[in-house]
Amino acid sequence: MKRFISAALCALMILGLTSCEQQTDEAPQVEPAPPFSVLDDVIEGRRDIYVIVKNLESSYWQVIIEGARDSSDKYGCNVYCSGSYSETDWESQSRLLDEAVAAGADAIILAPDDSVKLSDKIDEVYATGTKVVLIDTAANTENYDICFMTDNLMAGQQAAAEMIRQLYAKGHDDSEKLKVGIQVGSPSSQTISERIAGFLQYWKNNAPPNWEVIHDIKCNYGDLDKASECATELLEGYPDICGVFGTNNGSAVGFAKEVRAAGRTDVVVVGFDYSPEMAELISSEKYTASTVLQRQYDMTNRGIGTALELLDGADIENKFIDTGIVVVSRETLDDPDVKEILSHN
């Protein structure tokens, strides 16, 4: 993980791009996380697994929850789930961690909203002897048992490669001056930092010098209405914009909605995950869009299975498991790997 953190910071400093942390917008107020609810029947004598996700209302996280629900029957355990309504609401997640420990959780599956601010709380939970499995996002601590997530540095590089490929396919050439905009969901997620770092590293080494990434990185703080506002600001504020990169599900949704609403068939959209909005854009012959598809179902499904193995005394050497990605475009919709992952979306 330290390799990813260092690479992310270096890329951002070398390229001198501003981050959304420098924006003056305040994060929207969100509803506190609800109590844990059981995902299947509770059976006496089984292990109790508590799952905490980043955004209960996101299509991406609903797939995570599906993976957890299926694990209850597959592995024979009781699975409880809750999470925040915004990917910046780390305070709610901190409270949920305390509640899970107090309820006697045998293991906790956590996708941290804030990789830094939750690290002390994760240390506390780990010290109780509760097994801690991280999914989707790492934390700034070594006090966890295992992490199932995308190699986000590499995923960001793949997103940049796909953006360059699609821009060339649209007919742009090396001599043309064009701009690409970026939107993020959270200013404090290590996952997002790594994706941006990978994107910028690849772009710097492979994109033509005249192709510029806009320094004004927009942040929506996990709010879908704000994601649409950010998309509109980039599309209207930069007339020569030819591509937009949404680093997470909500950001990609914002771009997909506003590009379609504005009829901007000239703009390439590259996002993460697979929402109805991105699916519609990808399948359309009028627009040009791709998305980096993660295996988030596997993150919880494998995470819960591994937590039970740890509780039975298993010794696991590798604390980081890359669950892998595929890049989805109109040309790859029929690929077997894509179809398999989309079966859970």
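Return the tail of the calculated pair distribution for the chain, meaning the percent of Cα-Cα pairs more than 38 Å apart.
Numbers: 8664 of 59340 pairs.
Here the tail beyond 38 Å accounts for 15 percent of pairs.
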*All other residues with a Cβ under 11 Å from the Cβ of residue 277 taken together, and with Lys, Arg as +1 and Asp, Glu as -1, what is their net charge?*
-1
*For residue 179, go through the lysines and keep the ones whose alpha-carbon is under 24 Å away, minus same-chain ones fewer than eight residues off.*
170, 204, 218, 226, 257, 286
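Going highest first, how would you order 107-116, 264-273, 306-315, 282-291 by mean Cβ packing within 10 Å?
On the way: 107-116: 25.9, 264-273: 23.8, 306-315: 14.8, 282-291: 18.3.
Listed from highest to lowest mean packing, they are 107-116, 264-273, 282-291, 306-315.
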*Going by alpha carbons, how many degrees (0 to 90, nearest 10) lie between the helix axis of 152-169 and the longest principal axis of the chain?*
30
*Grab the other residues whose beta carbon is less than 12 angstrom from that of residue 79, score K and R as +1, D and E as -1, and report the net.*
-3
_For the chain, take the longest principal axis of its alpha carbons; what is the angle in degrees between that and the long axis of helix 2-15, to the nearest 10 within 0 to 90?_
20
*How big is the range 151-294 by Rg and Dmax over its Cα atoms, in Å?*
13.4, 37
*Taking Cα pairs under 8 Å and at least six residues apart, what relative contact order does the range 151-294 come out at, in percent?*
26
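Using helices alone, what [θ] at 222 nm do you get for the chain, with -39,500 (n - 2.57) per DSSP H run of 4 or more residues, divided over all residues and rounded to the nearest 500? Don't skip to the end; give the middle numbers.
Working: 11 runs with 146 residues, N = 345.
Computed mean residue ellipticity for the chain: -13500 deg cm²/dmol.
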*For helix 249-261, report the angle its Cα long axis makes with the longest principal axis of the Cα atoms of the chain; keep it between 0 and 90° and round to the nearest 10°.*
30
*Sort out for me the Cα centre separation of the range 140-180 from the range 193-246, rounded to whole Å.*
11
_3J(HN,Hα) from dihedral phi, the range 81-89, Karplus parametrisation 6.51/-1.76/1.60, rounded to Hz, x for glycine, proline_ = 9, 7, x, 7, 9, 8, 6, 10, 8
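Any read-out appearing in this document is the output of simple, stated calculations on the displayed coordinates, not a laboratory observation. All figures in this text were calculated on a predicted structure; none of them were measured in a lab. Cβ coordinates were reconstructed from backbone atoms using ideal geometry, including for glycine residues, and neighbour counts include every protein chain displayed.
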